[in-house]
Amino acid sequence: MDTFKKKEGSSPPQVWDLDSSLPFPCHPDHYVSNSFRPSFQPFSDYQRFFRIVYAPTFLQSFASDRRHMKNWNGNWIAPPPAHDPIVADDDGSLYNLDEYIRMNAVDAVTQLQDDTISAVFTHKYGVLDRANEVYKNIEDQKSTRGRNQDALLAACLYISCRQEDKPRTVKEICSIANGATKKEIGRAKEYIVKQLDAEKGQLVEMGTIHAGDFMRRFCSNLGMTSQVVKAAQEAMHKSEEFDIRRSPVSIATTVIYIITQLSDEKKLLRGLNILQFIQMGFYGGGLIPFTH
């Protein structure tokens, strides 16, 4: 991953690429011509894609426990770096490298407009900043007085996670809410949404929660390999063809359970009974068979 950094004053930006043999730092024109080689046209079946990520967003969101550096049986392909694995500050994810390098031609921007470039640099910094913004909005309305502050803050975090497409269960939010109960957080969430609806004159968009929203994080927290995670995601997509009237968390945890039992990853759940699975916040109830 390469970093483009704007120098102070009117000087041109520079590229900081630790994996390149080019000068460090390097002028963008020299860097692009010698690394991306735009003059070289690949076959028509192949296209170049580039992902632009605002640096503060990347620093808060990126995570890697280096599982991509291991082979199929869990052994290191090369010695890992000495520093600690990177855990995402905004949501605690352990691994999301694939989300940065996986790109689809359907979603690609073919022409850069001024508003496209502006959107990169004005993008929210992530869940925490969004939560702060939600809280500030209701605080400006003098709507926080006399309310359970822990429940309000937890509800702001819940709403922020939904709006940033990183949903968390109320139970997960409750685990860091300084004693606020699920019922109190639920009431606070409804109160905040009502206040914001009244202020803006329109419904607050929080998006629809899907089982796939939990899949990668749950797999990551269990330490599943990339191959098994991919199998779980494919099974998840297949399950969408059926009318399964269960909560997204129930569906996600059931798929994980089935895939681990069909693969070598069953050791991840060995000694972990259903009660522990529930306590970890993964299990939504009703689909995983109780086994002894």
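The values are calculated or read from the model by the stated rules, or taken from the named source; none is laboratory data. For clarity, every value in this text was computed on a predicted model and none was experimentally measured. Don't worry about glycine lacking a Cβ; one is built from the backbone with ideal geometry, like all the others, and counts go over all protein chains shown. Ligands, DNA and RNA are stripped out before the accessible areas are found, and what is left, the full protein with its side chains, is counted by its heavy atoms. Shrake-Rupley method; radii C 1.70, N 1.55, O 1.52, S 1.80 Å.
Considering each of Gly74, Gly92 in turn, give the residue that is at pLDDT below 75, on the phi > 0 side of the Ramachandran plot and open to solvent by less than 90 Å² (accessible area, probe 1.4 Å).
On the way: Gly74 fails: at pLDDT below 75.
So the residue among Gly74, Gly92 that is at pLDDT below 75, on the phi > 0 side of the Ramachandran plot and open to solvent by less than 90 Å² (accessible area, probe 1.4 Å) is Gly92.
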Just to be sure, is Ala177 touching a helix residue (DSSP H, G or I) at 6+ places or on another chain (Cβ under 8 Å), under 26 Å from Leu153 (Cα atoms) and surrounded by 13 or more Cβ atoms within 10 Å (Cβ to Cβ)? yes
Tell me, which residue of the range 132-146 that is farther than 12 Å from Lys189 by Cβ and either in a loop (DSSP other than H, G, I, E, B) or among the hydrophobic types (A, V, I, L, M, F, W, C) (or both) is most open to solvent (accessible area, probe 1.4 Å)? Arg145
Answer yes if at least one residue in the range 108-115 is among the charged types (D, E, K, R), open to solvent by 70 Å² or more (accessible area, probe 1.4 Å) and modelled with pLDDT of 85 or more, and no otherwise. no
Reported set for the range 213-229 where residues are buried (at least 21 other Cβ atoms within 10 Å of the Cβ) and small (Gly, Ala, Ser) is none
